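Derivation of every value follows stated rules applied to the coordinates shown; laboratory data play no part. Please read all numbers here as calculations on a predicted model, not as lab measurements. Positions of Cβ are backbone-derived with ideal geometry, glycine not excepted, and every protein chain shown enters the neighbour counts.
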Amino acid sequence: MMDRYSMPTAVTKLNDRDNDTLEKKPFKHSDWYNEGEQQTQSDIMRIICLGRTGAGKSSLGNTLLGQKWFKSKQSTKSVTEKCAVGNRLFKGIQMSVVDTPGLFDNKLSQSECHKEIARCIQTVVPGPHAFLIVIRCDTRFTPEEKACIIWIKEKFGEKALDYCIVVMTHLDSVEKDDQTIEQFIKDGDEEIKELITKCGGRYCAVNNDASAEEKDIVLIKLLQIISIMIKANDGKVFTNEMIRRLTKALRRNKEAHGEYKMIEPDGTINPLPEVEEEVAEYYQNHH
Ligand SMILES: Nc1nc2c(ncn2[C@@H]2O[C@H](COP(=O)(O)OP(=O)(O)O)[C@@H](O)[C@H]2O)c(=O)[nH]1
Ligand SMILES: [Mg+2]
């Protein structure tokens, strides 16, 4: 019988390439944008980490940024956590990474959740290039994680799945058992396969405790998956009615009050009340 789960060739090819080749391939902005285009604000690669508390979002964010930028915690007891932003210039690519609180935990009220969405999305206008769905490969899938596709569809719409990549943290625990991630997925939970399949077969695995060199290799793989995904999305960032409304609210605010400092040097976000209201209103009308 054929395996229910099969990876698209693009991803398989990436896995087959050896790391030497990956390291030697320089990254150019033209991988994402047309040759000759000047780098502007909109050339920033915007990535959002989503997942439950304890999934490894902040650690993954730090792996991507190459430094301990976001606070990461041992305890899964969530203190009020907020979205935050970090940046890195990596192999010619200016990245902006947004860390989020556990939006899949069902611990936040609807209005708190929508506030966090507003806070997160206003830092990635005109839209993100990628949503990373962060899960762990050392613990069982939680019911909230199983429902994450429904959550994403509900909050961002079906099209958002074209921009999702599953990132599995705690790869060290799989490797400790002398397994590869491919074996782990193949032999593992049907629901993880389903999640990966719903995300177009796009996934990668990371040990956030690995050496800086190993982590940069994972980042290169991830950037290649994002690159392939962007091409499949005709070079377009993810947008929807909510993001368009939020973008307009930001513009109106700028016209009325001038430039405002949305992101502090430490990565914390100053939310704009008008944007929060716009997003809250959008969700009221769409539920
Ligand atoms: N061994 C190992 N520990 C990890 C890995 N990723 C995250 N952690 C740990 O898992 C815990 C939760 O991670 P954190 O990034 O704070 O999760 P978040 O709540 O999703 O932001 C922390 O103690 C991290 O140090 C990994 O790949 N391997
Ligand atoms: Mg965190």
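Some points to look at:
- Those residues of the stretch 236-280 which are within 13 Å of Ala118 (Cα to Cα), assigned to a helix (DSSP H, G or I) and not charged (D, E, K, R), in sequence order: Met242, Ile243, Leu246, Thr247, Ala249, Leu250, Pro273, Val275, Val279, Ala280
- Residue satisfying all of: in the stretch 162-190; under 16 Å from Gly200 (Cα atoms) and surrounded by 18 or more Cβ atoms within 10 Å (Cβ to Cβ); nearest to ligand 2 (Cβ to nearest atom) among these: Val167
- All positions within the stretch 125-163 that are small (Gly, Ala, Ser) and in contact with a helix residue (DSSP H, G or I) (Cβ under 9 Å, 6 or more places away or on another chain): Gly127, Ala130, Gly157, Ala160
- The numbered conditions (1) surrounded by 15 or more Cβ atoms within 10 Å (Cβ to Cβ); (2) outside any helix (DSSP H, G or I) are all true for Tyr283 except (2).
- Hits in the stretch 166-215 (condition: of a type in the set (Ser, Thr, Tyr), part of a loop (DSSP other than H, G, I, E, B) and more than 28 Å from Ala232 (Cβ to Cβ)): Ser211
Conditions tested, residue by residue: (1) in contact (Cβ under 8 Å) with a residue 40 or more places away in the chain; (2) within 9 Å of ligand 1 (Cβ to nearest atom); (3) more than 16 Å from Thr169 (Cα to Cα).
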| position | (1), (2), (3) |
| --- | --- |
| Thr53 | yes, yes, no |
| Lys57 | yes, yes, no |
| Leu65 | no, no, no |
| Val124 | yes, no, yes |
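- When the residues of the stretch 120-152 are filtered to those that are assigned to a helix (DSSP H, G or I) and either within 16 Å of ligand 2 (Cβ to nearest atom) or under 15 Å from the mean Cα position of the chain (by Cα) (or both), the one that is nearest to Gly61 (Cα to Cα) is Cys120.
- Count of residues meeting criterion [touching a residue at least 60 places away in the same chain (Cβ under 8 Å) and among the hydroxyl-bearing types (Ser, Thr, Tyr)] in the stretch 150-183: 2
- The one condition in (1) touching a strand residue (DSSP E or B) at 6+ places or on another chain (Cβ under 9 Å); (2) more than 16 Å from ligand 2 (Cβ to nearest atom); (3) small (Gly, Ala, Ser) that Ser58 fails to fulfil: (2)
- For the stretch 90-112, a residue qualifies if it is of a type outside the set (A, V, I, L, M), touching a residue at least 24 places away in the same chain (Cβ under 8 Å) and away from ligand 1 (no atom under 16 Å from the Cβ), and the qualifying residues are Phe90, Lys91, Gly92, Gln94, Ser96, Gln110, Ser111.
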